[in-house]
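Beneath this line is the structure, given in structure tokens, with notes to follow.
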Amino acid sequence: MFDLLTKHLIAPNVWRYSIRAPEIAVKRQAGHFVILRPAANSERIPLTIVASDPAAGTLDIIFQVVGATTRELAALPEGGAIHDIAGPLGHPTHIEKFGTAVMVGGGVGIAPLLPIAQAFKQKGNRVITILGGRSQDFLILENDLKPVSDELFIATDDGSRGQKGLVTDVLKTIISKEKIDIIVAIGPVVMMKAVAELTRPQGIKTMVSLNPLMIDGTGMCGVCRCKVAGKTKFACVDGPEFDGHQVDFDSLKRRLSMFKDEEKKRMEAGN
């Protein structure tokens, strides 16, 4: 069991939890994730590690309430316990001094972007951050990202904060003005695909983080399979980060839609 120390609602249906997990906290690196179950009979869900404190033995996760398991997780009280957490899982982000690195985050995809931006900055990169959301209410971690960003831009669909439009509109302007050495984009599939298509003609290295449905986290179940460079990869053990120019986003979107349809049927059936 893992103690839930604190919980904070940071956006509509988006929670930040601090959990006591000393063995995971000491090993976690940027890009890692965990798979957890709120209770013994819960489904397993993957969640990004947003931060960790090895000395205190804690880790922070951020999640959005979108289905039965995340509703169950959100219902846990401070002082309660999460039944089990496996991690850290996946490959950590490859960090080196590239030069100018652009971090592009959309919605809850901003959560995994935070530790990556921090790691890029620590390596001496110039970090430009672009955050996007439906409205200002759905923007998260802006104050956490400001200290590690040489420049920070915001785009919202409704124009309630920053530039009205998409993160790709901001990215297009930045690319036209200066040389970019690497881009990390994390968010909805349609957003990551749009970023990859924008950067492909310029040949700008573009990494994306895939978060399909996962079960065991060891590559055995095959649920998180995706196509990268024409080959089948498993996001849990081969990723979660891949070259955005090689990801088959259309097949990924079809798989995600299939599971969302199943979840909708279960909710309508009251399961």
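The values are calculated or read from the model by the stated rules, or taken from the named source; none is laboratory data. What you are looking at is a predicted structure, and each value in this text was computed from that prediction instead of being measured. Glycine gets a Cβ as well: all are built from the backbone with ideal geometry, and neighbour counts include every protein chain shown.
Considering 46, 77, 92, 22, the condition of being free of Cβ contacts under 8 Å to residues at least 60 places away in the same chain and not aromatic (Phe, Trp, Tyr) is satisfied by 22 alone.
Would you mind finding the one in 226, 236 that is at pLDDT below 95, in a helix (DSSP H, G or I) and not assigned by TED's automatic domain parsing to the domain that holds residue 49?
Numbers: 226 fails: in a helix (DSSP H, G or I).
Sole residue among the options that is at pLDDT below 95, in a helix (DSSP H, G or I) and not assigned by TED's automatic domain parsing to the domain that holds residue 49: 236.
Among the residues in the range 101-110, are any in contact with an Asp or Glu (Cβ under 8 Å, 6 or more places away or on another chain) and within 30 Å of residue 177 (Cα to Cα)? For the range 101-110, residues in contact with an Asp or Glu (Cβ under 8 Å, 6 or more places away or on another chain) and within 30 Å of residue 177 (Cα to Cα): present.
Just the residues that are surrounded by fewer than 18 Cβ atoms within 10 Å (Cβ to Cβ), closer than 20 Å to residue 190 by Cβ and polar (S, T, N, Q), please, taken from the range 131-157. The answer is 135, and nothing else.
Scan the range 98-108 and give yes if some residue there is in the same structural domain as residue 164 (by TED's automatic domain parsing), out of contact with any Lys or Arg (no Cβ under 9 Å at 6 or more places or on another chain) and within 20 Å of residue 217 (Cβ to Cβ), otherwise no.
Here is the first cut: in the range 98-108, the ones in the same structural domain as residue 164 (by TED's automatic domain parsing) are 98-108.
Checking which are out of contact with any Lys or Arg (no Cβ under 9 Å at 6 or more places or on another chain) leaves us with 102-106, 108.
Now drop any that are not within 20 Å of residue 217 (Cβ to Cβ), which leaves 108.
Yes, that holds for at least one residue.
Scanning the range 178-188 for residues that are crowded, with 20+ Cβ neighbours inside 10 Å and among the β-branched types (Val, Ile, Thr) gives 180, 183, 184, 186. Taking the range 173-190 as the range and being without any contact (Cβ under 8 Å) to a residue 40 or more places away in the chain and either within 12 Å of residue 204 (Cα to Cα) or of a type in the set (Ser, Thr, Tyr) (or both) as the test, the residues that pass are 173, 175, 176. The range 93-190 holds helices (runs of 4 or more DSSP H) entirely within its bounds, and those carrying 3 or more residues that are within 24 Å of residue 246 (Cα to Cα) and more than 13 Å from the chain's Cα centre (by Cα) map to 167-177.
Can you pull out every residue in the range 158-173 that is of a type in the set (Val, Ile, Thr) and surrounded by 17 or more Cβ atoms within 10 Å (Cβ to Cβ)?
From the range 158-173, those of a type in the set (Val, Ile, Thr) are 167-168, 170, 173; that's our starting set.
Within the range 158-173, 167, 168, 170 qualify.
Mind checking which residues of the range 70-107 are surrounded by fewer than 16 Cβ atoms within 10 Å (Cβ to Cβ) and of a type in the set (A, V, I, L, M)? Correct list: 75, 81.
State yes or no: is residue 249 aromatic (Phe, Trp, Tyr), at pLDDT 85 or above, out of contact with any Gly (no Cβ under 6 Å at 6 or more places or on another chain) and not assigned by TED's automatic domain parsing to the domain that holds residue 35? So residue 249 fits the description; yes.
Just to be sure, is residue 120 at pLDDT below 95 and crowded, with 18+ Cβ neighbours inside 10 Å? Spell out the reasoning first.
On the way: at pLDDT below 95: no; crowded, with 18+ Cβ neighbours inside 10 Å: yes.
Here the answer is no, as residue 120 does not meet what is asked.
Quick one: in the range 57-69, of everything that is over 17 Å from residue 111 (Cα atoms) and in contact with a strand residue (DSSP E or B) (Cβ under 8 Å, 6 or more places away or on another chain), which residue is surrounded by the fewest Cβ atoms within 10 Å (Cβ to Cβ)?
If we take residues in the range 57-69 being over 17 Å from residue 111 (Cα atoms) and in contact with a strand residue (DSSP E or B) (Cβ under 8 Å, 6 or more places away or on another chain), then 57 is surrounded by the fewest Cβ atoms within 10 Å (Cβ to Cβ).
Of the residues making up the range 239-254, just one is assigned to a strand (DSSP E or B) and touching a residue at least 60 places away in the same chain (Cβ under 8 Å), namely 241.
Could you list, in sequence order, the residues of the range 203-223 that are at pLDDT 80 or above and hydroxyl-bearing (Ser, Thr, Tyr)? Hits for the range 203-223 are 206, 209. Taking the conditions exactly as written (of a type in the set (Gly, Ala, Ser) and over 24 Å from residue 50 (Cα atoms)), does residue 219 satisfy them or not? Here the answer is no, as residue 219 does not meet what is asked. Looking only at the range 48-96, residues that are touching a Gly at 6+ places or on another chain (Cβ under 9 Å) and hydrophobic (A, V, I, L, M, F, W, C) come to 5 in all.
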